[in-house]
1. Restricting to the chain, what percent of DSSP beta bridges are antiparallel, rounded to 5?
2. Tell me, what is the percent relative contact order of the stretch 271-372, built from C-alpha pairs under 8 Å that lie six or more residues apart?
3. How high is the relative contact order of the stretch 73-207, given as a whole-number percent (alpha carbon pairs under 8 Å, six or more residues apart)?
4. In terms of Cα to Cα distance under 12 Å, which aspartates and glutamates are near enough to Lys188, apart from those fewer than 8 places away along the same chain?
5. Within straight cross-link reach of Lys264, meaning Cα distance under 14 Å, which aspartates and glutamates are found once same-chain residues fewer than 8 apart are removed?
6. Compute the helix-to-body angle for 135-146: its Cα long axis versus the longest principal axis of the chain, expressed 0 to 90° and rounded to tens.
7. What residues qualify as long-range amide H neighbours of Arg275, i.e. H under 5 Å apart, gap of 5 or more or another chain, H built at 1.01 Å from N?
8. Which value in nm describes the separation of the simple spin-label points at Ile370 and Asp206, placed 7 Å from the Cα toward the beta carbon?
Amino acid sequence: MHKRKICIVVGSRANYSSIKAVMRAVQEHPKLELQVVAAASALLDRYGAVVDIMESDGFCIDARLFMLVEGETPATMAKSTGLGLIELPTIFEKLRPDVVLTVGDRFETMSTTLAAAYMNIPLAHTMGGEVSGNIDENIRHAITKFATIHFPASADARDRIIRLGERPETVHNVGCPRMDLVAGFLKKEAQSESKMLIEGVGSNFDVNDNFLLVSQHPVTGEYGSGEQQIAATLGACLELDMPTLVLWPNADAGSEDVSRGIRKFREQHPDAPFRYVKNLPPEIYMPLMARTSCLIGNSSSAIREGAFIGTPAVNIGSRQTAREHGENVINSGYTQPEIVIAIRDRLKAGRFPCNPIYGDGSAGPRIAEILATAEFEINKVITY
């Protein structure tokens, strides 16, 4: 029996946590064959070498694509997208997938999308139809118009995709695959009180104490402001004098500005109760979200996983503007006084009940089954 080959391109740590449950479900489905392409920051040690985590999780890497141009500027991000578009057709010709699945809205997803589209390979897209205040929204909606089949994470996103002109029968509200991981990790966390090993540098860190968790990324449309923005966030956490775990930013344009701000703060405040971590695998990060007193920054995890877990969260700035969120999230401007006020509000509010806006934890098997049974319509023969 011919197995339908599903090729998934993973370009970052966020990509992996957003698609791991689908990868596992595809891997285990009797009618599907999983192909994995590791690309961009997923291959680089300074972003956590996610490719090593994927392999340790039991996934075979079928191809590796080094496409990230050094610099983390708008120009290098555009060049990285172009480099991915140059190299991915060769990979697709070698792997000969029946379907390419692309994740979310990062710049490497645009490379994947255009390569598949020009080669007439059916394209599946997860987490489309959402709005936010970044260039990611433009990319997300553009991918929707190229995709053959859609796997939005919420009812609101499904409705928006249909309003964009996509046929309703191709749009499946399956929930966010990240919720599958959350549900699994929370179950394990409830059954075990084992200590989590938090690597990194800085102050000693005890996950059993009250602590703040900072995850803040550059905003592409505000390039050049990242250092000032992260300085205000870290200053607010210092003012509250609570143990704080700080994660390094992703690889978007402006990443170096945010990283520089973190390094300067660390040097200027060596005695601050802060710990700095390059990357946390999902099995560590999500239980930390369940324990933290407040998640601070502009990561979508505060909105997605945060709603499911009930994590008090402060969303800073414009990166997630207009994205659907639960009561656990309060919005803040970029100044230190605003951030302090918002954090204090969340600390006072405490934890929130589970709100499954983005799914109930069963997206992976749903997506795999649809990929195994769907009839894909394309106008031409695949050009291998």
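1. Working: 2 of 42 bridges.
Around 5 percent antiparallel, to the nearest 5.
2. On the way: 134 pairs, mean separation 25.6, N = 102.
Relative contact order here is 25 percent.
3. On the way: 168 pairs, mean separation 22.9, N = 135.
About 17 percent, as a whole number.
4. Hits, sequence-local ones excluded: Glu283.
5. Hits, sequence-local ones excluded: Glu227, Glu256.
6. Relative to the chain, helix 135-146 is tipped by roughly 20 degrees.
7. Under 5 Å from the amide H of Arg275 lie the amide H atoms of Ser203, Thr244, Leu245, Val246, each far enough along the sequence or on another chain.
8. 4.6 nm
The values are calculated or read from the model by the stated rules, or taken from the named source; none is laboratory data. Keep in mind that this is a model prediction, so the values were computed, not measured. For neighbour counting, all protein chains shown are included, and Cβ atoms are generated from backbone atoms with ideal geometry for every residue, glycine included. Each accessible area value is taken on the protein alone, full model and side chains, heavy atoms only, with ligands, DNA and RNA left out. Shrake-Rupley method; radii C 1.70, N 1.55, O 1.52, S 1.80 Å.
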